[in-house]
Amino acid sequence: MSRLEGDPVPARVLTGDFDDDFVPHGDGRTIREERIGIHWWRITALEAIPADRDPRLVLHFPYLSRAEIWRPGDLLPLRRALMGQDADLAHSARAFFVPLPRGLERGQHVDIRLHTPTPIAIEVSVEPAVQSHRQDLAYASWRAAVLVTMMVLAVLAFGFWGGVGERAYLYLMIALLCQVLYLATLGGDLRVFPELAERLAGDPRAGRVFGFLALVTSNGFLAHFMELRQHQPRVLRSLHICNGLALLLAALAVFSVSRYVALAGNLVILASVLLVLFASVSGSLRGQRSARFVLVSWLPLMALVTMRVLQVLGVWAGPYWLAYAYPAGFAIAGLVVTIGLSDKMQELRRDRDQASQMASYDALTGTSSRPVIEDLLRTSVDEAHKSGMPLSLVFFDIDHFKLINDTHGHRVGDECIRIVALRVRNRLRTYDQIGRYGGDEMMVLLPCTGLKEAIGVAENMRSAVNCRPIAAEDAVVDVTLSLGVAELQPGETPEQLLERADAALYASKSAGRDRVIGHIRPMFSGRGARA
């Protein structure tokens, strides 16, 4: 492997005018070009390469580079690029393939005029045609799986964002799409769209912009997902600085192909990787589930990104398989983080269900809350009017409850309410409904129950409470109930039914308490005062 500085006229290079100017370069397996522009490379066979296996000279992962290649005896070069009019559509985008139909004799060479828009390292090998096609099929399958996985994850993130409205999902969707575009632009996958590929061929600016946007949105997603604003504000501020620099570099990348833009971008990527690693480790040590998901999913990707950046910067040659593993790291990270998002959605759902349950049930008694029992009353009245089945309502409270509170304290009063609700509920049928209306007042709905039967149920409720005292704290309290019962009348509203049950309760109080009174005839006056 040897290199010629500059770009002389091809005819003079091919006639041997510059043979003495070619300088051995590298390890003999890698074209490593650190400068942007056009340079000549010469690959010389140290031993004969027979033609019987239809060999191919393979330049692995050239990305946006373009090449003009002269084999021994060629007057015109073979032109190769991953995208544009020079794309070799007979092979995958993993390499430039140069057929060697006559093989190479020892000492023969292949001259390459290489156009490099960015610094690059290109592995060189010779493969039989069968092996090339086999590896092409594996590469195409693997590449399609990676890109399709990331696209599906982006669609899922969009669905989560639309359904939940959480901004983190929007960041994840944009990050995944930008990563897809970044990989497809640099890897040549966009050549399935010829017009777009023609515009992007050999131009690194689009790929850089997509890469910077992927970095910004990835950082934004991770900041939201790990809740850095609440848990690690200093790390969040540092990520904001990285994002600001990345956006500035994205703007510069639109107008410049300078290698310094890529150099600065790689340094920003490394800084972001270190910040995310620190945040995920710190959060994991604190028991934060989201940080653990990020650590599990992002650790392999962070290692691959770091290795890849060092490889691009020329600090480290890196293994051959890194170009394969780097895109797969994005897909794996996106998959694991999506699982983490699903876990977070489950947690949100549990919190929502718990909040809904707390809103539906009274915290002290475990019975239905007032809004719920009022809704049940309205629903039961509508169903009773439609079906013609009877419906009764029992309205009751604890006798002299204020005196209990004043004598023994509110904790004893609350315990009395709780035990009264428990004793009453034990005397109800499975389809009866009980709810706390307010204070010590409670309401019981008795579907398919006429007034006479309802009075019997109410008597059972009364006897269940006054049969024995209630022991609460250090006090023993005799508790009795006053109950009013009313049966729904034709055309009666829920409010009118409740008013009549309340009037019956008032009558029970007036009659001496600890008793059940049923309201027979409709009476639509306001609620009376009760002692």
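Each reported figure results from applying straightforward, stated rules to the coordinates on display, with no laboratory input. As the structure is a prediction and not an experimental result, all values here were calculated from the model. All Cβ positions, glycine included, derive from the backbone under ideal geometry; neighbour counts span all protein chains shown.
Relative to the longest principal axis of the Cα atoms of the chain, the long axis of helix 167-187 makes an angle of roughly 20 degrees.
For the chain, the longest principal axis of the C-alpha atoms and the axis of helix 205-225 are separated by about 30°.
Under 1.5 on a/c is rounded, so check that first for region 95-223, then, if it is not, pick prolate when a/b is larger than b/c and oblate when it is not; a ≥ b ≥ c are the square roots of the alpha carbon gyration tensor eigenvalues.
Here region 95-223 falls in the prolate category.
Return one number: the angle in degrees, 0 to 90 and rounded to the nearest 10, between the long axis of the Cα atoms of helix 494-510 and the longest principal axis of the Cα atoms of the chain. For helix 494-510, the angle is close to 40 degrees.
Among the chymotrypsin sites (Phe, Trp or Tyr not before Pro) within region 402-508, those in coil by DSSP and having at most 14 neighbouring Cβ atoms inside 10 Å are Tyr431. One compactness figure for the chain is 1.66, namely its Cα radius of gyration divided by 2.2 N^0.38 Å. Think of region 143-256 as having a plus end and a minus end, set by charges on the Cβ of Lys, Arg, Asp and Glu; of Ala184, Trp161, Leu248, Leu248 sits farthest toward the positive end of this dipole. Projecting the Cα atoms of Tyr437, Thr480, Ile373 onto the dipole axis of region 370-519, where Lys and Arg carry +1 and Asp and Glu carry -1 at the beta carbon, places Thr480 farthest toward the positive end.
Magnitude of the charge dipole for the chain, about its Cα centre and with charges confined to Cβ atoms of Lys, Arg (+1) and Asp, Glu (-1), is about 440 debye.
Quick note on region 161-317: its Rg to Rh ratio, both from C-alpha atoms and Rh being the Kirkwood radius, is 0.99.
Among the GluC sites (Glu not before Pro) within region 14-100, those in coil by DSSP and having at most 10 neighbouring Cβ atoms inside 10 Å are Glu47. Rounded to the nearest 20 debye, the dipole size of region 370-519 about its Cα centre is 340 debye, using +1 on the Cβ of Lys and Arg and -1 on the Cβ of Asp and Glu.
Among the trypsin sites (Lys or Arg not before Pro) within region 377-480, those in coil by DSSP and having at most 14 neighbouring Cβ atoms inside 10 Å are Arg429.
Ignoring everything except DSSP H segments at least 4 long, calculate the 222 nm mean residue ellipticity for the chain; use -39,500 (n - 2.57) per segment, divide by total residues, nearest 500. Let's see the in-between values first.
Numbers: 15 runs with 283 residues, N = 531.
Here the helix-only value at 222 nm equals -18000 deg cm²/dmol.
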